[in-house]
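Where a number appears in this text, it was derived from the coordinates with a stated rule and is not lab data. Keep in mind the model is a prediction, meaning the values are calculated, not measured. Cβ placement follows ideal geometry from the backbone for every residue including glycine, while neighbour counts extend to all protein chains displayed.
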Amino acid sequence: QKEVEQNSGPLSVPEGAIASLNCTYSDRVSQSFFWYRQYSGKSPELIMSIYSNGDKEDGRFTAQLNKASQYVSLLIRDSQPSDSATYLCAVPRRGYQKVTFGTGTKLQVIP
Amino acid sequence: EAGVTQSPTHLIKTRGQQATLRCSPISGHTSVYWYQQALGLGLQFLLWYDEGEERNRGNFPPRFSGRQFPNYSSELNVNALELEDSALYLCASSFGTGDQETQYFGPGTRLLVL
């Protein structure tokens, strides 16, 4: 099992819809989780972090964490064409002092 | 506040040469991470430096090396370049400790090996 797994996509949603991106992780002791957005040819940009079970909202973005099921998701409401990018899930690994990144899910928002 | 900076933005080398990439972290950040991202692939962890010391390295051969200077800037050296080293090299700096550590990325250096 990969440390951090994401569906590579592409995930296509119409403009204005909710995009749902999922990430599962293998290390049960992981405590913090990050979502990055990466436009083609650019570097990753941090958009959300979540540390506790439940939901965390920031504008049109909502991160959801379920530690018992070992998954974290990112919801994007009212999706815009400018949201079209690859979204990376990142999980720090305690004891290894490094962050493991998923391979990313490519999101396409269709106008 | 200035973000993470990297230089050069693009670098073209031939096989067998050496490449040197540079990174300046966000002011106040002491940790610097290096990642390799080949075209269409995910981020691969290369090296982690903190307080001038190499703390961890990923599954890369020894010809990938680097260092961190007293001002916390960092340099990545790639010796004996191979065609498959062509990739986007990303530097990230971080603050916080343990689970709260948050990484911020620079714009990257795109290395092309011919």
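Things worth noting here:
- Applying 1/(1 + (r/R0)^6) with R0 = 45 Å to the Cβ-Cβ distance of residue A:58 and residue B:7 gives a FRET efficiency near 0.90.
- 28 Å Cα-Cα reach of residue A:98 towards lysines, excluding residues that sit fewer than 8 places from it in its own chain: A:2, A:42, A:56, A:67, A:106
- The residue B:67 and residue A:67 beta-carbon pair, evaluated with R₀ = 30 Å, returns a calculated FRET efficiency of approximately 0.20.
- Modelled FRET efficiency - R0 22 Å, residue B:27 with residue B:77, Cβ distances, 0.05 increments: 0.35
- Residues of region A:23-62 with amide N under 12 Å of a point placed 7 Å along Cα→Cβ from residue A:3: A:26-27, A:30
- For region B:19-112, averaging the sequence separation of C-alpha pairs within contact (under 8 Å, six or more residues apart) and dividing by the residue count gives a relative contact order of 31 percent.
- Of the residues B:53, B:75, B:101, the one that moves most in a GNM of chain B with alpha-carbon contacts below 10 Å is B:101.
- Rounded to the nearest 20 debye, the dipole magnitude of region B:59-106 is 160 debye, with +1 charges on Lys and Arg beta carbons, -1 on Asp and Glu beta carbons, and the Cα centre as origin.
- The dipole here belongs to chain A: it is taken about the Cα centre, uses +1 on the Cβ of Lys and Arg and -1 on the Cβ of Asp and Glu, and is about 380 debye.
- Shape analysis of region A:33-92 places it in the oblate category; the axes a ≥ b ≥ c from the Cα gyration tensor give an a/c of at least 1.5, with a/b not above b/c.
- For chain B, a simple Cβ point-charge model (Lys and Arg +1, Asp and Glu -1, everything else neutral) yields a dipole of about 440 debye relative to the Cα centre.
- Distance between modelled label sites at residue A:45 and residue A:80, nm, 7 Å Cα→Cβ extension: 1.0 nm
- Nitroxide proxy distance, nm - points 7 Å out along Cα→Cβ at residue A:12 and residue B:59: 3.4 nm
- The Cα center of region A:49-64 and the Cα center of region B:1-37 differ in position by 31 Å.
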